[in-house]
Every structure is written in C-alpha cells, then in structure tokens.
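Below is one structure, written out as structure tokens; comments come after it.
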Amino acid sequence: MASETVKLASSDGKEFEVQNKDFQKANLLKTMMADLGFDEDALPEEAIPMPSVNADALETIVDWLRMHEEEEPRSEEDRQTHRFNRNVSKEDTELLDKQFPRSKLAAVINAAYYLEMPDLIDTLVKLAQFYKIQS
C-alpha cells in the first residue's frame, strides 16, 4: 500500500510528516515530486530535505497545512478577486501570532515563498499589513 504522507526534513534536521493532499498546496514540492517521477501512488519514503527552512518555520507551515487540510488550493483568479479582502481567520491569526519575535514570522514568510505556497503567502501578507497598521 502506498504511503499517504511525505516526510520533510528542516535545515536543522527535524522531520515532519505532511499528508499527500496537503503538500499539493506547496508548488515547489508538487513540482519536485513530478520532476523526480513520484506521484500520489508512489511517494518517497525518505525525508525530502528543505535546506532553506528551519524547524520552527517548517513546523508552523505543517500546522497551517493541517488547519487547512479540507480546503482546496485557491486559484490565481480567486486570489486576485479577493485580494482586497483583509480578513484573516481567527485560527490563522492565533497560529501566526505565536511567531514572536517577528524574526520568526519573517522565517515563516521566507519559507512560504521558498515553498511557493500562494494561499499561505496571501494570509501572511494580510497579517503583515495588519501588524504594520498596528505599529
């Protein structure tokens, strides 16, 4: 039976498991899997190294993926249609507010860009705008 999870290894060696359907929200991972010949029926058993993502940032991203596991990735058209909507869910705010000092939040932002996760990036940009207004 094929594995339904993929292991990701942070730059500092900590491993995290991500559901196959969840890593589809990270374009880098989706492309990497296709380029390496993997698909949802045959996933790698070894952890995929994420050399640009530390454990704290990767843990936050995995938590975010789990929170949004029932949601399909949004289309670019949908993101553009709702780009002026600045609402962020309470759950997202609570998760990302834990990233203090702000350098930890910056690491999550950098990781989201590295992993090419437009839905998470959209949420992070909205939160960053909120923090900018607050300061």
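Just so you know, all these numbers are worked out from the coordinates, no wet-lab data involved. Here the structure is a predicted model, which is why all the values come from computation and not from measurement. All Cβ positions, even for glycine, are placed from backbone atoms using ideal geometry, and neighbour counts span all protein chains on display.
Here are some notes:
- Prolate/oblate/rounded label for region 23-83 (Cα gyration tensor, a/c 1.5): oblate
- In plain terms, the residue of 46, 70, 15 with the fewest other Cβ atoms within 10 Å comes first and the most crowded comes last, giving 70, 46, 15.
- Three-way shape label, region 1-119, alpha-carbon gyration tensor, a/c 1.5: oblate
- Beta bridge orientation in region 1-130: antiparallel %, DSSP, nearest 5: 75 percent
- Neighbour cut-off at most 10 other Cβ (10 Å), DSSP loop, chymotrypsin sites (Phe, Trp or Tyr not before Pro), region 81-133: 84
- Protection-proxy order for peptides 87-93, 21-27, each taking the mean of Cβ atoms within 10 Å per residue, highest first: 21-27, 87-93
- The packing ranking of peptides 53-64, 100-111, highest mean first, is 53-64, 100-111, where packing means the average number of other beta carbon atoms within 10 angstrom of each residue.
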